[in-house]
Amino acid sequence: MRKATLLLLCGALALWACRKEDPVIPSRDAGLTGETLDVAGFPSSEGKVFVLNEGGMGSNNATLDFLRLSDGAYVTGAFRKMNPDAGAGLGDVGNDIAVNGDRVWIVVNNSGIVEVLSAEDETEVAAIAVPTPRRIAFDGEYAYVTSWAGAYATGGYGPDGSYSVTDYDNPKGRVFRISLRTLEVDGSVEVGYQPEGIACHDGKLYVANSGGISSQLPPAYSYDNTVSIIDTRTFQVSGTVAVQVNLKDVYSDGEGHIYVTTLGNFWDVHSGLYMLDVSHPESPRHIGDYVSVSALRGNTVYCIGTDTEFDWSAVHSYTAWSCKGGTVTPVPLSVSGTPYGLAVLDEDIFLVGDAGDYFNPGTVSCYSKGERRWSVTAGVCPGHFAVY
């Protein structure tokens, strides 16, 4: 079924998946050309770094780029080039990307689609309908996708300049389970309001609930602040943990620690990083403030943020730090602009997506030894990376 028939009309608005360790084999997309970039020192076991450009809400301009490590070519618009009959293209708001085996999974939020592509040549394998999907994770024989379940809020400004909500629907969110064998949804479970990130560890799913729509709605006007814990064997919620308002990303370090980032309330609660110990998740630990973007590499979470995030008139300067086992270490990296996505390829190679003004094409920059090595024009809002 094509995207036009799967489009869900709504107002809602991973870095490391399965890492390919086999020798790099030339892809059928090797004929695609692009700007040649310096990839010296990049991990030799990878073939490509995929870049998902979100596009603008309602603009139907999400795009897929990739950096081919065999020759350093940065290829833009790869999905459209490899699927010329795709009609509407990749869709409206690309919200997450991950590699599992030899397939690339792309979550397209406003189009209500999870795209499955060949990682070798970006050709479409399937388009799976999921209502307002947000993020994806894998465990065993399934993909798990968080969903806002159609939540939306619309409003406008009155004659006196005040803003009010005129129409809304605010169901709790859900996690949809997709069989990796059939590529079909085979169940879902209710979680908190407007779930975002999701991570797997030892038969449990950890889901970050944001309340991004709830925060706009009367009478409470409040964000969600919880992590829902799902038992994958029963596919039921087995626990709920209060953390902080407006949760975003979730990572498992594989060693019994679950890391959760928060966006705060943009007023008096800063963004930050929290850690849950899976043996007693009810007692989350506050690691640090200021997290605009983050990424996981191995058992370490990397964060970029700024302590001036409440100053909307400032030209921000961002610093980086990492966290392993609850211990914070500064990273010698200084970033300006509008960091929107992050990939950590090794301890000294970082890719940062810069959204610019959020409407025009952004950039992807490579930082090595604390300095910017190169920058390349990407699509609109380059926000998500995955490695194959």
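Nothing in this text is a laboratory measurement; each read-out follows from the coordinates by a stated rule. In this text, all values refer to a predicted model and were calculated from it rather than measured experimentally. Every residue, glycine among them, receives a Cβ derived from its backbone with ideal geometry; neighbour counts consider all protein chains shown.
Residues whose amide H falls under 5 Å from that of Ala73, counting only those 5 or more places apart or on a different chain, are Leu37, Arg68, with hydrogens built in the peptide plane. Close amide H pairs (under 5 Å, H built 1.01 Å from N) link Gly112 with Leu8, Thr132, residues at least 5 positions away or on another chain. Per residue, the chain reaches -500 deg cm²/dmol at 222 nm when only DSSP H runs of four or more residues are counted, each adding -39500 (n - 2.57). Ordering Asn100, Pro332, Val380 by Cα displacement along the dipole of the chain toward the positive end leaves Asn100 in first place; charges were set at the Cβ atoms of Lys, Arg (+1) and Asp, Glu (-1). Go ahead and collect, in residue order, the members of the stretch 198-219 whose backbone nitrogen is under 20 Å from a label point 7 Å along the Cα-Cβ direction of Ser164. Answer for this model: 214-219. Stretched out straight at 0.36 nm per residue, the stretch from Glu371 to Ser336 would grow longer than its current Cα-Cα span by 11.4 nm. Note on Ser59 and Thr182: their simple-model spin labels are 3.8 nm apart, each label 7 Å out from Cα toward Cβ.
Couplings 3J(HN,Hα) of the stretch 37-44, computed from phi: 10, 7, 10, 4, x, 5, x, 7 Hz, in residue order, whole Hz [Karplus 6.51 cos²θ - 1.76 cosθ + 1.60, θ = phi - 60°; x for Gly and Pro]. Converting phi to 3J(HN,Hα) with the Karplus coefficients 6.51, -1.76 and 1.60 and the offset θ = phi - 60°, the stretch 157-163 yields 8, x, x, 8, x, 7, 9 Hz in sequence order, with x at every glycine or proline.
Only the Cβ atoms of Lys and Arg (+1) and of Asp and Glu (-1) were treated as charged; on that basis the dipole of the chain about its Cα centre amounts to roughly 360 debye.
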